[in-house]
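Here's the structure we're looking at; comments come further down.
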Amino acid sequence: MQHIQIEKDLFDEAALQQQLQSKNNPIPVFKQQRKHYLNILTERFNSGRAATELIYLHAALTDKLLSLTWPLFFDDKQQDLALVAVGGYGRGELHPASDVDLLLLIKKPKKELNESISQFFTFLWDIGLEVGHSVRTVKECVAEAKNDITVATNIQESRLLIGSKKLFDEQKTKCSPKKIWPSDKFFRAKLDEQIKRHERYNESAYNLEPNIKESPGGLRDIQMIGWVAKRHFNVETLEQLVQHGFLTQDEYSDLHNGQAFLWRVRYGLHLINNRREDRLLFDHQRKLAKLFGYTDTRNNLAVELFMKQYYRTVMDLSRLNEMLLQLFEEEILLAKKTSKPKPINNRFQSIKGYLEVTFDSVFKSYPFALLEVFLLLAQNPELKGVRANTIRLIRSHRHLINSNFRSDIRCRSLFIEFFKQSHGITHELRRMNRYGVLAAYIPVFEKIVGQMQHDLFHVYTVDEHTIMLIRNLRRFTVPEFSNEFPLASELVSSIPKQELLLIAALFHDIAKGRGGNHAILGAVDATEFCKRHDLSDYDTKLVAWIIQNHLLMSSTAQKKDISDPDIIYEFANQVGDIIHLKYLYLLTVADIRATSDSVWNSWKDSLLKNLYHVTRDVLRKGLENPTLKTELVTENKRLALEKLGEQHKTDSIVKLWQQFNDDYFTRHTPAEISWQTNAILSSGNNETVVTFRHSSKHNVISLFIYTPTYTGLFSTITSVLEHFRIDVIDARIIESRHGYALDTYHIQNPTSTTIEDELCSKVKTSIKEQIELKQRKQQTTESTFIGRREKQFKFATRVSFDDSATVQTTIMTVKSYDQTGILSRLAMILDEFKINIISAKIATYGERIEDVFNITNAHDKKLSETEQHKLADNICSQLDPKL
């Protein structure tokens with residue numbers, strides 16, 4: 001540890017000693033001294049002083065505090081004790097709330113020392129130090145280190161603070177690489193440790209709320225390099241690796257600057273939480289962005305700009321970590337293995353399972369080889385990666401990727417050929433992004449590298465989401481995964497050119513963060529790319545169409561009533577033919593799954609498959625031959641009768657059905673019609689029927705309610721469901737000719753798990769009681785719970801109306817932040833305005849809800865402009881009382 005000069009205003013030792021002499025209890029004196037210098041360090045950080053300065057200064061101040069504490073409990077001349085700093089504190093690094101890790105070395109256990117040792121560590125806690133400590137003999141240190149790589153790593157970074165140097169040196173010698181954990185075994189163990197750690201974070205540095213210490217590209221990755229370097233080369237600092245020829249000066253600068261940025265973030269995290277915290281949670285991100293001086297721009301929030309710098313930093317550090325660990329592997333593990341290079345072509349060869357250039361000026365002589373690297377890796381799956389010297393050459397030659405490079409027919413051909421490979425596309429595309437080649441070749445892609453989408457719906461940056469989407473598409477092509485998405489696996493093998501789907505995926509979100517419609521802007525970028533790469537006019541238009549419409553199928557399935565033949569016919573017209581439908585379905589499924597693990601569920605799977613199949617049938621029949629509603633009503637009745645069989649007399653069924661209007665038969669499947677008809681006819685004289693049906697295909701349950709209708713029925717049902725913490729995701733509200741509700745709700749648990757029969761029974765009883773008493777739960781008087789994450793994303797409610805979609809109804813869309821009881825509150829507002837609900841689509845996207853209601857006014861007409869304004873104002877004022 002370098003010598004740190006401590007200014008008197010930070011720590012006045014003479015004044016402290018004077019206070020100690022005048023006080024009987026030293027604890028307040030030490031406590032106040034520590035509080036004094038921590039306050040000054042905080043002031044310095046907030047005024048812009050570098051964390052790289054302050055963490056070393058904090059460690060030095062802690063050293064000083066310990067040196068003055070030690071004599072209170074131990075004799076200075078005692079030679080059988082040594083106080084040793086280990087771990088991060090051993091490196092001389094201490095963030096505001098980091099643990100002070102200490103090892104008390106003892107020559108041999110002595111009973112007379114136990115009380116002093118206990119009092120010493122208790123005193124340290126009492127004065128406010130977060131101490132992690134152990135008391136061991138040298139023999140015990142060796143035994144523990146042999147058995148635990150973590151202990152060996154901690155001890156490796158030990159630093160003598162006070163006491164016996166002889167004892168400390170003995171421990172260092174007996175725990176050295178010559179005695180335990182030689183550098184090859186140490187490297188293997190730490191590498192396995194890193195692999196497992198990265199797996200815990202899904203191999204991604206781009207998580208929504210990253211851990212700046214443990215995530216890929218985080219501080220632990222930098223420490224990993226330092227640990228291995230210290231073990232093998234016996235160096236104390238990363239800078240010394242430059243002298244060993246293992247780091248260039250530029251690479252060291254990148255490592256140093258990356259570490260400095262992460263240290264600044266971690267220092268700030270500790271301060272704003274007043275405790276140790278390594279998770280960059282949403283509320284922390286906003287506070288740090290403000291603290292560090294980021295400001296909103298026209299297209300990006302301050303927090304998004306801050307997080308973009310974070311993600312780009314950890315991506316650079318991930319690449320350096322990969323390259324240096326590869327260098328270590330070659331030096332430590334592979335150096336003694338003799339292997340002849342295996343030629344691949346004139347420019348590349350394989351050696352010890354890794355790809356490398358045949359001569360150092362390959363990229364200068366053949367710039368197109370900068371893309372050829374990734375094609376060769378995809379074509380040769382036996383290759384384990386790229387040799388470190390070649391990674392370094394790629395990095396130093398990226399400047400060659402310019403307009404001339406992009407116009408070179410060899411480069412254009414290599415890039416398109418890459419997307420035609422049967423293996424390795426995702427893995428190598430991620431490597432291409434990590435090495436900075438992808439952003440260099442497609443400049444517009446550079447704008448989304450590290451681009452955060454500050455919401456709970458997207459858990460990855462835009463570039464990582466894009467690669468996850470491509471990974472999902474590629475997974476459809478792998479036979480062993482065909483059981484996951486059978487329809488997608490079937491369709492992907494039938495589309496003419498899979499590379500067009502992947503190119504569309506690459507560009508689908510490429511215009512995010514620019515302002516404007518990202519789908520339209522992305523289609524423009526993709527068109528230019530396709531033309532430059534000599535794709536045919538048809539292929540170019542197909543790619544552009546997929547990008548421009550990549551949200552169409554998802555929004556139709558989740559926001560519109562796809563049981564309505566008119567909706568299906570409209571969607572089929574927009575799609576045009578089955579080829580376009582196949583491409584769109586595949587991209588939609590893969591896109592939703594790439595946003596977040598929690599977004600995709602079996603219900604969405606069912607909706608999209610249903611939309612695909614009914615649209616395909618319309619397109620096969622021909623857009624010029626739409627199915628008439630009368631034909632659909634007749635066919636659904638016939639099939640429902642067949643399913644009912646002999647359960648009820650045909651006369652009874654027909655008599656009941658005479659009370660139902662045609663909308664009921666067009667908006668329900670024959671299976672639903674037969675189930676609900678059976679429930680009504682089996683109920684005897686009961687006025688109210690409440691029944692559930694489980695699906696074998698997904699965890700969504702169908703709830704059917706048949707009862708005399710009244711104003712407020714929808715709010716009654718939703719209040720009961722919300723009381724039991726059950727989510728409504730779809731509702732079809734139909735009234736029979738004799739004034740009965742024929743309402744179908746699709747419901748699920750918030751966790752998308754199956755609702756148990758016992759809970760269904762309780763819900764059924766509660767609904768019947770509420771309907772029969774015609775009482776409403778006044779959810780508006782209850783407190784509204786908003787979770788920690790959701791609090792960071794509160795925004796003003798927006799209400800919009802669309803009169804163009806249907807002839808008879810108005811479509812109202814409500815976008816707001818998710819909060820308990822919101823659906824029943826909306827229902828009560830609609831009741832107050834005497835609004836009839838024809839159908840409802842309830843969707844949650846992370847922190848926001850987007851509910852779509854098909855409604856009419858009290859006269860069964862579309863809402864007038866005045867009615868729309870009044871309704872919207874009332875919804876906004878009630879949902880956002882404090883905004």
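Filtering the range 531-574 to residues that are farther than 22 Å from THR666 by Cβ and open to solvent by 60 Å² or more (accessible area, probe 1.4 Å) leaves LYS531, ASP534, ASP537, TYR538, LYS541, GLN548, LEU551. Residue check: PHE419 meets all listed conditions (1) at pLDDT below 95; (2) in contact with a Leu (Cβ under 6 Å, 6 or more places away or on another chain) but one, namely (1).
Of all residues in the range 354-379, those that are under 24 Å from GLY424 (Cα atoms) and charged (D, E, K, R) have Cβ atoms under 6 Å from Cβ atoms of residues that are modelled with pLDDT under 95 and not in a helix (DSSP H, G or I), 6 or more apart or on another chain, in GLU356/ARG387. Looking only at the range 494-507, count how many residues are open to solvent by less than 30 Å² (accessible area, probe 1.4 Å) and closer than 16 Å to LEU469 by Cα. Residues that pass the stated criteria total 8. Of a type outside the set (A, V, I, L, M) and over 22 Å from PHE692 (Cβ atoms): does that describe ASN601? No.
In the range 664-760, counting only strands (runs of 3 or more DSSP E) that sit wholly within it, the ones holding 2 or more residues that are within 25 Å of ASP605 (Cα to Cα), among the aliphatic types (A, V, I, L, M) and open to solvent by less than 30 Å² (accessible area, probe 1.4 Å) span 701-708, 727-732. State whether the residues of the range 480-490 include one that is outside any loop (DSSP other than H, G, I, E, B), without any contact (Cβ under 8 Å) to a residue 24 or more places away in the chain, crowded, with 17+ Cβ neighbours inside 10 Å and touching a Phe, Trp or Tyr at 6+ places or on another chain (Cβ under 8 Å). Yes, the range 480-490 has at least one match.
Number of residues in the range 512-521 that are at pLDDT below 95 and in contact with a His (Cβ under 8 Å, 6 or more places away or on another chain): the value is 1. Can we say LEU587 is open to solvent by less than 40 Å² (accessible area, probe 1.4 Å) and either out of contact with any strand residue (DSSP E or B) (no Cβ under 8 Å at 6 or more places or on another chain) or at pLDDT below 95 (or both)? It is true that LEU587 is open to solvent by less than 40 Å² (accessible area, probe 1.4 Å) and either out of contact with any strand residue (DSSP E or B) (no Cβ under 8 Å at 6 or more places or on another chain) or at pLDDT below 95 (or both). Each residue in the range 127-144 was checked for being under 30 Å from THR52 (Cα atoms) and open to solvent by less than 70 Å² (accessible area, probe 1.4 Å), and 6 of them qualify. Residues of the range 624-648 being under 21 Å from ARG737 (Cβ atoms) and in a loop (DSSP other than H, G, I, E, B), which ones? Within the range 624-648, just HIS648 meets the criteria.
When VAL84, VAL100, VAL151 are checked against the criterion of being among the β-branched types (Val, Ile, Thr), modelled with pLDDT under 95 and open to solvent by less than 70 Å² (accessible area, probe 1.4 Å), VAL151 stands alone in meeting it.
The condition of being at pLDDT 95 or above, open to solvent by less than 30 Å² (accessible area, probe 1.4 Å) and not polar (S, T, N, Q) does not hold for LEU38. Just checking, does the range 590-610 include any residue being closer than 30 Å to PHE415 by Cα, open to solvent by less than 50 Å² (accessible area, probe 1.4 Å), of a type in the set (S, T, N, Q) and free of Cβ contacts under 8 Å to residues at least 24 places away in the same chain? Within the range 590-610, not a single residue is closer than 30 Å to PHE415 by Cα, open to solvent by less than 50 Å² (accessible area, probe 1.4 Å), of a type in the set (S, T, N, Q) and free of Cβ contacts under 8 Å to residues at least 24 places away in the same chain.
Does at least one position in the range 68-83 carry a residue that is under 20 Å from THR153 (Cα atoms), under 36 Å from the mean Cα position of the chain (by Cα) and in contact (Cβ under 8 Å) with a residue 40 or more places away in the chain?
Within the range 68-83, not a single residue is under 20 Å from THR153 (Cα atoms), under 36 Å from the mean Cα position of the chain (by Cα) and in contact (Cβ under 8 Å) with a residue 40 or more places away in the chain.
Just one of the numbered conditions (1) under 17 Å from GLY87 (Cβ atoms); (2) within 32 Å of the chain's Cα centre (by Cα) is not true of ASP250: (1). A single entry from ALA14, ALA60 fulfils the requirement of being out of contact with any Pro (no Cβ under 9 Å at 6 or more places or on another chain), over 21 Å from PHE121 (Cα atoms) and free of Cβ contacts under 8 Å to residues at least 60 places away in the same chain: ALA14.
Evaluate the range 103-116: report whether one residue or more is assigned to a helix (DSSP H, G or I), free of Cβ contacts under 8 Å to residues at least 60 places away in the same chain and of a type in the set (Gly, Ala, Ser). Yes, there is a match, as at least one residue in the range 103-116 is assigned to a helix (DSSP H, G or I), free of Cβ contacts under 8 Å to residues at least 60 places away in the same chain and of a type in the set (Gly, Ala, Ser). Taking the listed residues ILE467, ILE520, ILE510, the one that is among the β-branched types (Val, Ile, Thr) and either closer than 27 Å to ARG616 by Cβ or open to solvent by 10 Å² or more (accessible area, probe 1.4 Å) (or both) is ILE520, with no other qualifying. The set of residues in the range 818-834 being surrounded by fewer than 22 Cβ atoms within 10 Å (Cβ to Cβ) and touching a Phe, Trp or Tyr at 6+ places or on another chain (Cβ under 6 Å) consists of THR820 alone. Candidates in the range 263-291 are the residues that are assigned to a loop (DSSP other than H, G, I, E, B) and open to solvent by 70 Å² or more (accessible area, probe 1.4 Å); of these, the one that is nearest to ASP221 (Cα to Cα) is ARG276. Being touching a His at 6+ places or on another chain (Cβ under 8 Å), farther than 16 Å from LEU584 by Cα, among the charged types (D, E, K, R) and not in a helix (DSSP H, G or I), is that true of even one residue in the range 503-511? No - not one qualifying residue is present in the range 503-511. Residue-level analysis places ALA14 among those that are surrounded by fewer than 21 Cβ atoms within 10 Å (Cβ to Cβ), modelled with pLDDT under 95 and out of contact with any strand residue (DSSP E or B) (no Cβ under 8 Å at 6 or more places or on another chain).
Scanning the range 301-315 for residues that are surrounded by fewer than 19 Cβ atoms within 10 Å (Cβ to Cβ) and modelled with pLDDT under 90 gives a single hit, LEU301.
Between a first residue in the range 612-634 that is of a type in the set (Asp, Glu) and a second residue that is in a loop (DSSP other than H, G, I, E, B), which pairs have beta carbons less than 8 Å apart while being 6 or more apart in sequence or on different chains? Going by the 8 Å Cβ cut-off, there are no qualifying pairs. Among the residues examined, VAL228 does not qualify as over 24 Å from ALA145 (Cβ atoms), surrounded by 17 or more Cβ atoms within 10 Å (Cβ to Cβ) and of a type outside the set (Asp, Glu).
Can you tell which of TYR366, TYR354 is under 22 Å from ARG398 (Cβ atoms) and at pLDDT below 95?
Residue meeting the stated conditions: TYR354.
Run down TYR252, TYR294 and say which single residue is of a type in the set (Ser, Thr, Tyr), open to solvent by 10 Å² or more (accessible area, probe 1.4 Å) and not in a helix (DSSP H, G or I).
Matching residue, one of TYR252, TYR294: TYR294.
The values are calculated or read from the model by the stated rules, or taken from the named source; none is laboratory data. Note that the structure is predicted; figures quoted are calculated from it, not measured. Cβ coordinates were reconstructed from backbone atoms using ideal geometry, including for glycine residues, and neighbour counts include every protein chain displayed. Just so you know, the surface numbers come from the protein's heavy atoms only, side chains and all, with ligands and any DNA or RNA stripped out. Shrake-Rupley method; radii C 1.70, N 1.55, O 1.52, S 1.80 Å.
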